[in-house]
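To start, the structure under review is shown below, and the notes come after it.
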Amino acid sequence: MTQLALVIDLNVCVGCHACVTSCKEWNTSGWAGPLSDLRPYDADPSGTFFNRVQTFEVGEFPNTETVHFPKSCLHCEDPPCVPVCPTGASYKREEDGIVLVDYDKCIGCKYCSWACPYGARELDERQRVMKKCTLCVDRIAEPTLPPEERRPACVLACPTSARLFGDIHDPNSEVSVAIREQGGYQLMPEWGTNPANHYLPRRKTRIRIHEDELLRADNPLHKEELPELPEGAETLDDVAW
Amino acid sequence: MHPALSVIFLTTLIGAGQGFFLALYTGQVYSLGNLLPAQSSLTFYAYGSLIALALLAGGLLASFFHLGHPERAWRAASQWRTSWLSREVIILPLFMGLVLVYGALHYFGLTRPVFRLGQAVVVDLSLLVGGLASAAAFLLYLSTAMIYASLRFLQEWYSPLTVANYTLLGLASGFTLAAAFCAWSGSELVLFYTSEALLLTLIAFLVRGLSLLRNRRIRHKSTLQTAIGVRHTRIEQKAQGAMGGSFNTREFFHGRSRAAMRTLKYLFLVLVFGLPLLLLGAGLAVDSLWLPAAAFLIQYAGLLLERFYFFADSRHPQNLYYQYIS
């Protein structure tokens with residue numbers, strides 16, 4: 001079985017919101033109708049988005065780190081929002097595991113948004129139906145697009161390649177390898193929703209240098225002072241090459 | 001959560017409607033065993049069913065205001081296998097239909113015995129239909145409450161106490177209304193319903209108090225650490241991705257202060273339980289038209305506040321992602 005998903009690398013994300021605008025541009029222009037905005041150029045603007053980038057500060061000054069955190073529907077493998085839908089408008093596609101809303105069946109009761117612990121669903125105030133990330137269903141299998149563009153708009157837009165897209169059930173896919181080798185994790189694992197989207201943690205490359213490595217004890221030119229060694233102690237100089 | 005007026009009216013109106021119908025039917029069952037005097041088919045059961053129907057219809061009407069697309073509401077009956085909301089959508093009209101038939105049987109006097117159980121128990125059609133309707137009333141309490149009690153990460157609701165509260169509060173308000181109805185229609189069952197209402201209100205108070213205590217010391221499983229997956233004791237949100245708010249900030253926050261919520265809690269405790277208990281108690285001692293009616297009106301007003309508190313009191317884990325605008 002296929003389970004399409006995004007893997008988002010928090011180590012690389014710079015919080016530029018290109019994924020947000022690209023997502024909005026593609027998904028507001030599609031056949032499913034606009035992602036409505038309310039008062040976009042007025043006081044108190046509001047609107048429907050599939051994807052948002054949030055920013056968190058970790059630690060206390062001066063030891064702080066800024067984490068940019070893109071958040072969209074996680075396409076859970078056990079989605080709590082699907083069984084609660086009274087009309088069957090909310091469903092998980094068998095063939096690729098994408099969680100979708102049928103906008104023609106949705107009655108706008110908002111129950112699914114209550115049943116999502118991640119706040120991934122937003123009611124479109126103008127169309128009065130529930131909306132959420134579709135993983136760009138109208139892109140990823142679109143034969144008129146060149147094959148390299150058959151990926152979600154956010155993935156194509158990301159300038160730092162912080163977003164990977166693929167099948168997490170295929171152990172050799174780019175996303176599975178990334179999750180496996182770079183410590184990919186799920187959000188709120190305590191609810192057993194088993195989100196398909198994973199996040200790669202912040203990683204730091206550190207070189208561990210011991211003090212004796214800073215002193216060139218084996219320098220043949222003896223330009224630096226030799227450390228004082230106890231009587232009879234062995235140094236690297238004693239090793240026969 | 002942000003309490004929706006439509007849902008507050010839906011749950012309180014149908015709760016009282018179900019309770020009132022169950023009160024009527026209790027009267028009929030008790031009169032079978034000669035525990036209570038039999039009542040008039042027309043003025044008691046038929047008019048009573050009409051009042052129950054009016055409450056239920058009011059609730060149903062309120063529920064439509066909750067929908068973005070009320071014209072598609074019929075679709076909501078399709079997913080009864082998995083969704084408690086769907087089950088509620090099926091049972092509410094079914095229950096209303098049964099109450100209508102029950103009332104009509106009494107109105108047209110179709111109460112001739114169908115069969116007898118032994119010598120004493122005379123079974124007529126209204127008794128059978130009323131039995132079915134009573135079962136539907138309890139199923140409706142269950143499905144209304146399970147809509148909330150089945151959401152495992154809304155920990156304030158995820159408890160059998162939610163089901164007990166919806167049932168008991170509905171029954172209490174229904175029986176209080178029955179006492180008022182008897183007082184006004186001159187039925188001699190006033191004392192019976194008043195004492196039943198008193199008892200139910202008291203039990204409801206204990207159970208609601210239990211859930212308040214439970215929720216006071218609740219430990220939320222989700223934290224900012226699990227929400228974004230960063231292990232640090234100090235994480236602070238700096239931006240939520242939108243400056244002007246979003247669906248997530250409107251639907252999941254009630255926006256009242258802690259002090260306002262505390263005041264609301266004591267206010268509903270007094271209005272739902274304290275005052276009605278006093279008025280009903282006085283109603284046992286003094287024969288009055290107004291005491292049970294006042295008890296019902298005050299209790300119903302209190303229930304509106306109680307339901308508001310119920311919704312506002314639960315903290316959705318998604319709120320962790322929406323702590324600061326920027």
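Numerical summary
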| read-out | value |
| --- | --- |
| Among (1) closer than 30 Å to residue A:67 by Cα; (2) assigned to a helix (DSSP H, G or I) - the single one residue B:218 does not satisfy | (2) |
| Given (1) out of contact with any Gly (no Cβ under 8 Å at 6 or more places or on another chain); (2) facing another protein chain (nearest Cβ under 9 Å); (3) surrounded by fewer than 18 Cβ atoms within 10 Å (Cβ to Cβ); (4) more than 27 Å from residue B:3 (Cα to Cα), number of the condition residue A:56 does not satisfy | (3) |
| Residue satisfying condition, being surrounded by 18 or more Cβ atoms within 10 Å (Cβ to Cβ), over 22 Å from the mean Cα position of the chain (by Cα), of a type outside the set (S, T, N, Q) and at pLDDT 95 or above, within set B:227, B:197 | B:227 |
| Residue selected from the range A:59-87 under the condition in a loop (DSSP other than H, G, I, E, B) and at pLDDT below 95, by the criterion farthest from the other protein chains (Cβ to nearest Cβ) | A:62 |
| Those residues of the range B:143-161 which are more than 9 Å from chain A (Cβ to nearest Cβ) and either without any contact (Cβ under 8 Å) to a residue 40 or more places away in the chain or not in a loop (DSSP other than H, G, I, E, B) (or both), in sequence order | B:143, B:144, B:145, B:146, B:149, B:158, B:160, B:161 |
| Those residues of the range A:110-132 which are more than 9 Å from chain B (Cβ to nearest Cβ) and touching a Gly at 6+ places or on another chain (Cβ under 7 Å), in sequence order | none |
| Unmet criterion (only one of (1) within 8 Å of chain B (Cβ to nearest Cβ); (2) over 19 Å from the mean Cα position of the chain (by Cα); (3) over 14 Å from residue B:242 (Cβ atoms); (4) touching a residue at least 12 places away in the same chain (Cβ under 8 Å)) for residue A:25 | (1) |
| Single match in A:187, A:164, A:135 (criterion: within 14 Å of chain B (Cβ to nearest Cβ), buried (at least 20 other Cβ atoms within 10 Å of the Cβ) and either touching a strand residue (DSSP E or B) at 6+ places or on another chain (Cβ under 8 Å) or more than 22 Å from residue B:319 (Cα to Cα) (or both)) | A:187 |
| Residue tally, condition out of contact with any Cys (no Cβ under 7 Å at 6 or more places or on another chain) and facing chain B (nearest Cβ under 8 Å), over the range A:88-109 | 6 |
| Single match in B:216, B:208 (criterion: basic (Lys, Arg) and under 16 Å from the mean Cα position of the chain (by Cα)) | B:208 |
| Test for residue A:154: is it of a type in the set (A, V, I, L, M, F, W, C), assigned to a helix (DSSP H, G or I), in contact with a helix residue (DSSP H, G or I) (Cβ under 6 Å, 6 or more places away or on another chain) and under 27 Å from residue A:47 (Cα atoms) | yes |
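Residues checked against (1) in a loop (DSSP other than H, G, I, E, B); (2) within 19 Å of residue B:181 (Cα to Cα); (3) within 14 Å of another protein chain (Cβ to nearest Cβ):
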position: B:232; (1), (2), (3): yes, no, yes
position: B:262; (1), (2), (3): no, no, no
position: B:273; (1), (2), (3): no, no, no
position: B:276; (1), (2), (3): no, yes, no
position: B:280; (1), (2), (3): no, yes, no
position: B:315; (1), (2), (3): yes, no, yes
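The values are calculated or read from the model by the stated rules, or taken from the named source; none is laboratory data. Just so it is clear, the model here is predicted, and its values are computed rather than measured. Positions of Cβ are generated from backbone atoms using ideal geometry, with glycine treated the same way; all protein chains shown enter the neighbour counts.
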